[in-house]
1. So if we plug the beta-carbon distance of Thr132 and Glu93 into 1/(1 + (r/R0)^6) with R0 = 25 Å, what FRET efficiency do we get, rounded to 0.05?
2. Compute the distance from the alpha-carbon center of the stretch 217-249 to that of the stretch 99-172, in whole Å.
3. Among Val239, Gln100, Pro39, which residue has its Cα furthest toward the positive end of the charge dipole of the chain, with +1 on Lys/Arg Cβ and -1 on Asp/Glu Cβ?
4. Using the number of other C-beta atoms within 10 angstrom as an exposure proxy, rank Thr56, Thr123, Thr166 with the fewest first.
5. May I ask for the net charge around Ser69, where only other residues with Cβ less than 14 Å from the Cβ of Ser69 are counted and Lys, Arg are +1 while Asp, Glu are -1?
6. If the label point is 7 Å along Cα→Cβ of Leu64, which residues in the stretch 162-198 have backbone nitrogen under 11 Å from it?
7. What is the dipole size for the stretch 17-141, taken about its Cα centre, with +1 at each Lys and Arg Cβ and -1 at each Asp and Glu Cβ, in debye to the nearest 20?
8. Using Cα springs under 10 Å in a Gaussian network model of the chain, which residue among Gly122, Gly185, Gly152 shows the largest mean-square fluctuation?
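Where a number appears in this text, it was derived from the coordinates with a stated rule and is not lab data. Computed from a prediction, not measured in an experiment: that's the story for all the values here. Note that we place each Cβ from the backbone using ideal geometry, even for glycine, and neighbour counts take in every protein chain shown.
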Amino acid sequence: MQATSEEANGAARTVRLTKEYGSGDTAVRALDEVSVVLPAGRFTAVMGPSGAGKSTLMHCVAGLESPTSGEVFLGDAELGSLSDRQLTRLRREKIGFVFQAFNLLPTLTARDNILLPMTLAGTTPDQAWLETVVKALGLGDRLSHRPAEMSGGQQQRVALARALVTRPRIVFADEPTGNLDSRTGGEVLAMLREAVDDLGQTVAMVTHDPVAAAVADSVIFLADGRVVDIMPEPTADRVLDRMRDLGSH
Ligand code: ADP
């Protein structure tokens, strides 16, 4: 059987991706020829010391920043070949985001927050899928609540539902447990894990927490803008050891 391009190329990948900020003497090379694959239907964590290039990598793969050189593929689409309009549409339809700060609109109910990307895009939700996501995240009895009426963990679950409801090709999670206590953070991580295992979602998560990274299928370690290691089947202890080697605690 022939592998589909998604199996071979991942949900997303970079080819010698380089990103520099500034120019001349003050230029900073945030990413230096990074080639990575984010496998479809898998959970990948990105780790590394502060300033290693984690956020820049995520922003480039999500089409929020354009590379200085190299390529970024989302499925078969090379982001550099797209017009601004195509890129905006691809971001809206194919990418979900979960942020440390939840980024929910305070005046909207949970349900309206979840549906906001589709409302903005003028598309109608697939009701069955919406129900599956809401049920998987245990949000059934919270849909009419506003963010202020929910705990941090519940708010992050709403943010995750919002990311999943468009059935994106990939969900990017940026320190998704950064604002949560460890028990609630553990619950959110378990939900990300379930989104991968039960819903077939591809997830890429930036974190500096070894316990969070251990929930992923593999960990990409960055240092000084380069990939220095890829660890399959991580454990918190092994991730912590590797981070110590990289000079970050
Ligand atoms: P991390 O997420 O691993 O902490 P970043 O990707 O935020 O690392 O940053 C990588 C490097 O690029 C750092 O040296 C940082 O100062 C620099 N950098 C990031 N964003 C910008 C920017 N908008 N302008 C200038 N330098 C930047």
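1. 0.85
2. Comparing the Cα centres of the stretch 217-249 and the stretch 99-172, I get a distance of 31 Å.
3. Positive-end residue among those listed: Gln100.
4. Ranking Thr56, Thr123, Thr166 by Cβ neighbours within 10 Å, fewest first, gives Thr123, Thr166, Thr56.
5. Neighbourhood net charge equals -3.
6. Flagged as within label range: 172-175.
7. My answer is approximately 240 debye.
8. Per the Cα network of the chain with a 10 Å cutoff, Gly122 tops the list.
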